[in-house]
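Asks: For reference, the structure I am asking about is given below.
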Amino acid sequence: MAFSLIPDGVYSSVYQINGKALARRGITLLLADLDNTLAKYTQMEPDHDLLVWKDDLVASGVELCILSNSRKPNRVECFAKALDVPFLGCAGKPKSGGFLRAMEQMGRTRAQTAMVGDQIFTDILGAKRTGVLALMVEPIELAGNPGRYLRYAVEEPFRALGRHRTRKE
């Protein structure tokens, strides 16, 4: 598949991603990164706003599935169960295998699938390599890890190009 680091759209948070707009594009499955996309690294359960957003997706005909690289024991499983969505942990992003397993598990094709995440070199690259719509959100928080600041600074040119694509929609 294609090698690209430019997201198809960039949003300030997942709450700007509308289920009806996804459905109009033929998307019926939204794969979502967990940490810094759906929740802070330390957040163990979904908050009220996330539950409402997930219900809006479902009402629009879009299923949510968590696709995470997290290796923390039970983190992804516990969060997904509280959100009442399927999940795949230790996904190995940006490799395509985790994306393909999740799509197979959910019975969807590439054309029916989008991925949302906060990192260019895992979420976006993996989505692009797999051939699914690649949506990016700004990270929920950067505090606490100096390496994150550096990584996000390196990613900024790609985010900017993705923001330009988002404005054209």
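Asks: Send over the Kirkwood Rh of the range 37-99, from the inverse of the averaged 1/r over different Cα pairs, rounded to one decimal Å.
Replies: On the way: mean 1/r = 0.0813 Å⁻¹.
Roughly 12.3 Å, rounded to one decimal.
Asks: When all protein chains stay in place, what accessible area (Å², nearest 10, 1.4 Å probe) is found for F121?
Replies: 80
Asks: Then there's this: If you bin the C-alpha pair distances of the range 94-141 every 10 Å from 0, what whole percents do you get?
Replies: 29, 55, 16, 1
Asks: Follow-up. Can you give me the distance in nm between label points at A82 and H164, each placed 7 Å from the Cα along the Cα-to-Cβ direction?
Replies: Result for the modelled spin labels: 4.0 nm.
Asks: Given bins 10 angstrom wide, list per bin the percent of all Cα-Cα distances in the chain, short to long.
Replies: 11, 43, 39, 7, 0
Asks: Additional query: Using a 7 Å offset from Cα along Cα-Cβ at D49, what residues in the range 120-139 end up with backbone N under 20 Å from the label point?
Replies: Of the residues in the range 120-139, 135-139 have backbone N under 20 Å from the label point off D49.
Asks: Taking 0.36 nm per residue of separation and subtracting the Cα-Cα distance, what length does fully extending R25 through R110 add?
Replies: On the way: separation 85, 0.36 × 85 = 30.60 nm, distance 1.24 nm.
My answer for the length gained is 29.4 nm.
Asks: Provide Rg and Dmax in Å for the range 84-169, with only Cα atoms included in the calculation.
Replies: Values for the range 84-169 (Cα only, Rg and Dmax): 13.9, 39 Å.
The values are calculated or read from the model by the stated rules, or taken from the named source; none is laboratory data. If you're wondering where the values come from, they're calculated on a predicted model, not measured in any experiment. For neighbour counting, all protein chains shown are included, and Cβ atoms are generated from backbone atoms with ideal geometry for every residue, glycine included. In case anyone asks, the SASA skips ligands and DNA or RNA and just uses the protein heavy atoms, side chains included. Shrake-Rupley method; radii C 1.70, N 1.55, O 1.52, S 1.80 Å.
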